[in-house]
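For reference, the structure is listed below as structure tokens.
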Amino acid sequence: MKLDEVVISRAIIERYTEKLVECLDLDVAVAGAGPSGLVAAYYLAKAGRKVAVFERKLSVGGGMWGGGMMFNEIVVQEEARPILEELEIETRSYLENYYTADSIECISTLTSKAIKAGARIFNLISVEDVMIRDNQVTGLVINWSAVDVAGLHVDPLTIRTRFVIEATGHPVEIMKVIERKVDAKLLTVSGRIEGEKSMWADAAETATLMHTREAFPGVYVCGMSANATFGSYRMGPIFGGMLLSGKKVAEAVNRRLG
Ligand code: 48H
């Protein structure tokens, strides 16, 4: 049978539109498809929640692909290994309490498992603002990343959601928008973003979990954005805290959803 280019085009447009329309009203919208956002999406989808992830870049995975300084291996500690085991990602023991994993296997498998569990992942879409009602975030404002890159003046579209997970990593973009635009305090000590501190892996890994929580009504932070919001250290290429944070935020939001 001969192939028709217009059928191919129509198939893509219709199927993509179906996916996006389905996601206009969500239980959980995740901003950023780094390791913590992907883990969160995986567990929420597994719990039967309607969850979508919006990622600015062409590729998902955030800062995990490059391991440490482009050596594409990551390190995880004992506590986080069960997550990789559940995802069927191979780990190799190094010294006591240290395991390594191939960063490409981690991201590709995690992404695949999240999608197969039912999460929708949209790449090339940036979250540029939030929707607010009565001092509570009720949605995300999204636009094509290309619009931003080209500096075009094109209005965005909006996704309604019961909860937002801010997983934008170091730049902590969603919390920055809230801090700048919403006339209310964040749920931090100063009421503002406390900011990320320098390297201290051990302290940072513990703090990441402690700081994985609601940072503004309707918005939970996880991964590096949790540390940036609540003011803690960075940890370099140990990723256990990111994985555990993604799981913790999924459990917390799942509880709130009831
Ligand atoms: C849509 C956006 C937007 C936006 C950003 O940086 P990430 O990998 O985030 P985490 O927190 O899951 O993992 C952090 C880890 O990779 C890391 O950097 C570590 C452990 N650093 C330690 C250290 O010492 O440096 O992923 C965030 C993702 C990226 O893919 C961004 O492109 C995306 O979010 N993103 N997507 N709309 N406004 N902003």
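Every number here is computed from the coordinates shown, using simple stated rules; none is lab data. Predicted model, so just to flag it, every value in this text is computed and none were measured.
Pairwise alpha-carbon distances in the chain exceed 31 Å for 23% of all pairs.
Calculated from the alpha-carbon coordinates, segment 121-179 shows an Rg and a Dmax of 11.7, 34 Å respectively. Extension gain, residue 134 to residue 22: 0.36 nm times the residue separation minus the Cα-Cα distance gives 37.7 nm.
How long is the gain from residue 88 to residue 189 if the chain were fully straight, where each residue apart is worth 0.36 nm and the alpha carbon distance is subtracted? Walk me through the intermediate numbers first.
Values: separation 101, 0.36 × 101 = 36.36 nm, distance 3.91 nm.
Full-extension gain reported as 32.4 nm.
The length gained by stretching the chain between residue 148 and residue 206 to full extension, at 0.36 nm per residue less their Cα-Cα distance, is 17.3 nm.
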